[in-house]
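Notes follow once the structure below has been shown.
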Amino acid sequence: MKIPTTLKHKPVIVVENYENVDGRYAYHSDAKGLSLGLAQWNDRGKVDISAKVWRYTGEKWSRQSEELPLHRVLDLAILVCRAQLYFREAYRYPDLYDPGQPVIDRVGLQGDAMTVAVCTENEKINEDIRLFKQALSDDDELIGERLKTLARILREMGY
């Protein structure tokens, strides 16, 4: 299925077979494609690049398609990696985290830091963190394959 080019997001680089590789949803996904292109929120004289996940309901392109600035895509990748790293050692805590010190890390970015923490405001955090850890474990092969690919490409880029 071809990603539309007549909408506000203007695709430049596309993955039109994403539904075939969408993790555990592969071959049954409503996420039909990914694109990097010119953001839909661009104003005259100002051009931003965005990443978009294109969803298709079977009848039309969905309003649930997501568009993110590239730095947010990378921030999410950083967050996923930091969470993976955290859960390798979380077994040391009876509740998988230290309620007295819920901050996991402060990741320095552009003169400040992104604070990564366990959400202690979640009233069901003790149950939810166990479910989260189990889901990470269940998807370890899927996530690991993507992280290895990302690491290889980053090395090729000189990072």
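The values are calculated or read from the model by the stated rules, or taken from the named source; none is laboratory data. Quantities reported herein were computed from a predicted structural model and do not represent experimental measurements. We place every Cβ from the backbone using ideal geometry, glycine too, and count neighbours over all the protein chains shown.
Condition check ((1) closer than 16 Å to R146 by Cβ; (2) basic (K, R)) across all residues:
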residue: T6; (1), (2): no, no
residue: E16; (1), (2): no, no
residue: G23; (1), (2): yes, no
residue: K46; (1), (2): no, yes
residue: A51; (1), (2): yes, no
With the first residue restricted to the stretch 137-156 and required to be assigned to a helix (DSSP H, G or I), and the second required to be not aromatic (F, W, Y), Cβ contacts under 6 Å at 6 or more apart or on different chains are L142/G23
- Query: Is it the case that T120 is under 17 Å from the mean Cα position of the chain (by Cα), assigned by TED's automatic domain parsing to the domain that holds L76 and without any contact (Cβ under 8 Å) to a residue 24 or more places away in the chain?
  - Reply: no
Reported set for the stretch 80-102 where residues are over 13 Å from I129 (Cα atoms), without any contact (Cβ under 8 Å) to a residue 40 or more places away in the chain and assigned to a helix (DSSP H, G or I) is R82, L85, R88, E89, R92
Does at least one position in the stretch 141-155 carry a residue that is more than 18 Å from the chain's Cα centre (by Cα) and exposed (fewer than 10 other Cβ atoms within 10 Å of the Cβ)?
yes
- Is one or more of the residues making up the stretch 77-90 of a type in the set (S, T, Y) and at pLDDT 95 or above? yes
